[in-house]
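The values are calculated or read from the model by the stated rules, or taken from the named source; none is laboratory data. Keep in mind the model is a prediction, meaning the values are calculated, not measured. Quick reminder, even Gly has a Cβ in these numbers, built from the backbone with ideal geometry, and neighbours come from all protein chains shown.
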Amino acid sequence: MRRQTTPGPGGLIDKATKGKRARKVPIIEEGRELVTRRLDSISPDPGARLFTGPRGGRITTAVLRDATHWDQVVTKLGYDHLRRHDLRHTGLTWMADAGVPVHVLRKIAGHGSLTTTQRYLHPTNSRSPTLGPR
């Protein structure tokens with residue numbers, strides 16, 4: 001991944017990733033065929049998007065929220081304080097708890113330093129999952 005889309009003055013803007021570096025995005029085995037098919041079907045234009053919103057444009061946070069029914073789901077589960085970004089914390093924590101080394105987690109997260117990655121980790125002494133930062 002070489003760019004991100006964020007809200008800006010006058011609408012959405014594309015900009016470089018926070019660390020100004022290309023990122024490798026790990027894809028679970030079950031999703032590889034989908035991504036491969038999508039790569040084969042899109043334009044060879046380097047600016048082409050791998051995935052698009054329902055009208056063919058950028059995928060915005062509003063599109064993600066609506067497509068996943070985020071507000072309704074977290075309210076029903078009793079986690080209405082939970083933000084989607086918290087899932088990065090949870091995912092990295094679960095990977096760390098499973099034994100993935102911090103230097104590997106740093107690469108997965110695209111962080112420039114181990115210190116940043118460590119701020120995302122919220123280990124527990126119990127085997128119950130944690131959702132989001134504490």
| request: Among the numbered conditions (1) modelled with pLDDT under 90; (2) touching a Ser or Thr at 6+ places or on another chain (Cβ under 6 Å), tell me where residue 121 comes up short. | output: (1)
| request: With the condition kept exactly as written, say whether any residue in region 34-53 is of a type in the set (A, V, I, L, M, F, W, C), under 22 Å from residue 8 (Cβ atoms) and in contact with a helix residue (DSSP H, G or I) (Cβ under 8 Å, 6 or more places away or on another chain). | output: yes
| request: Could you please let me know if residue 55 is basic (Lys, Arg) and assigned by TED's automatic domain parsing to the domain that holds residue 12? | output: yes
| Which of the residues spanning region 54-72 are over 17 Å from residue 12 (Cα atoms) and exposed (fewer than 12 other Cβ atoms within 10 Å of the Cβ)? | 67, 69, 71, 72
| query | In region 15-64, which residue that is among the charged types (D, E, K, R) and in contact (Cβ under 8 Å) with a residue 12 or more places away in the chain is farthest from residue 84 (Cα to Cα)? | reply | 38
| request: Looking only at region 30-44, count how many residues are among the small types (Gly, Ala, Ser) and either in a loop (DSSP other than H, G, I, E, B) or in contact with a Leu (Cβ under 8 Å, 6 or more places away or on another chain) (or both). | output: 1
| remark: Taking region 35-54 and keeping only residues that are among the small types (Gly, Ala, Ser) and either at positive phi or modelled with pLDDT under 80 (or both), one is left with 43, 47, 48
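Residues are listed down the side, and each one gets a yes or a no for (1) assigned by TED's automatic domain parsing to the domain that holds residue 119; (2) in contact with a Gly (Cβ under 7 Å, 6 or more places away or on another chain):
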residue	(1), (2)
42	no, no
59	no, yes
73	yes, no
79	yes, no
89	yes, yes
| said: Condition check: touching an Asp or Glu at 6+ places or on another chain (Cβ under 6 Å) and either part of a helix (DSSP H, G or I) or in the same structural domain as residue 7 (by TED's automatic domain parsing) (or both). Does residue 63 satisfy that? | reply: no
